[in-house]
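Working notes, structure below.
Values in this text are rule-based calculations from the coordinates and carry no lab data. All values derive from a computational prediction rather than experimental measurement. Counting neighbours? That spans all protein chains shown, and the Cβs are built from the backbone with ideal geometry, glycine included.
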């Protein structure tokens, strides 16, 4: 599989094995696929299928035992330490089920956090955070802290934080797990709009098959193997 300019992610023959005492467990076995820029993709599968392992490898939190992952044309397993941390901060955004906001900071300050290691001035950081929050419909919530926001609004702040560095890839782990159906649908529709309007690739792990209808493709993982890729649009 050869990476093309419009491929934001290439997963090539990736396997991951873990050793537990004297037993070796294969979490992923020879998984290959590519993601185009601006795609919204879901990864689904039963518990223990390897979804989380695949997300950790895509997020550069873990490395494959064999195979390679390319993000924006860069082989991620060849980086380490500060270089990897810098790449993760610039090229990746993360959205979690539990929002992971800092309770003592308002929405604006939470969104600014990934920019604190950049050379941007405080004024520019604030302007960028305000811009993204405005785009996500939170222009009137800039100074509110997480406990003053609804669950859906907190997740929008988390999405704004993921977008702040204009990443190539956003990884969302059960992003609607703590939301009611209405708020969850709004977040998923927002993901769909972001991929279209900002040409950002979003990969989401979910147990909720209903929300995958908004995705371009659905990657089915079973027993560590790529079972099938379902094309929806």
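Ranking of 56, 7 by neighbouring Cβ atoms within 10 Å, starting from the fewest: 56, 7. The order of 180, 193, 173, going from fewest to most other C-beta atoms within 10 Å of their C-beta, is 180, 193, 173.
Of the residues 70, 99, 18, which exhibits the maximal mean-square fluctuation in a Gaussian network model of the chain defined by a 10 Å Cα contact cut-off? Between 70, 99, 18, it is 18 that shows the largest mean-square fluctuation. Using the Cβ-Cβ distance between residue 123 and residue 192 with R0 set to 25 Å, the FRET efficiency works out to roughly 0.15.
With only alpha-carbon atoms in the gyration tensor, what are the semi-axes of the equivalent ellipsoid for segment 131-173, in Å, largest first?
Value: 19, 12, 7 Å, ordered largest first.
Bridges between two residues of segment 128-233, per DSSP, are antiparallel at a rate of about 55%.
Based on alpha carbons, the Rg and Dmax found for segment 155-204 are 10.4, 29 Å. When each of 105, 115 is scored by the number of other beta-carbon atoms lying within 10 Å, the sequence from fewest to most is 105, 115. Each part gets one Cα centre, and for segment 52-71 versus segment 142-204 those centres are 23 Å apart. Here the chain carries DSSP beta bridges of which approximately 55% are antiparallel, counting only pairs with both residues inside.
Kirkwood-type hydrodynamic radius, the chain: 18.2 Å, calculated from all non-identical alpha-carbon pairs.
Based on DSSP H runs of at least 4 residues, each adding -39500 (n - 2.57), what is the mean residue ellipticity at 222 nm of the chain after dividing by all its residues, to the nearest 500 deg cm²/dmol?
-9500 deg cm²/dmol
In terms of its C-alpha gyration tensor, segment 67-202 has an oblate overall shape, because the principal axis ratio a/c (a ≥ b ≥ c, square roots of the eigenvalues) is not below 1.5 and a/b does not outweigh b/c.
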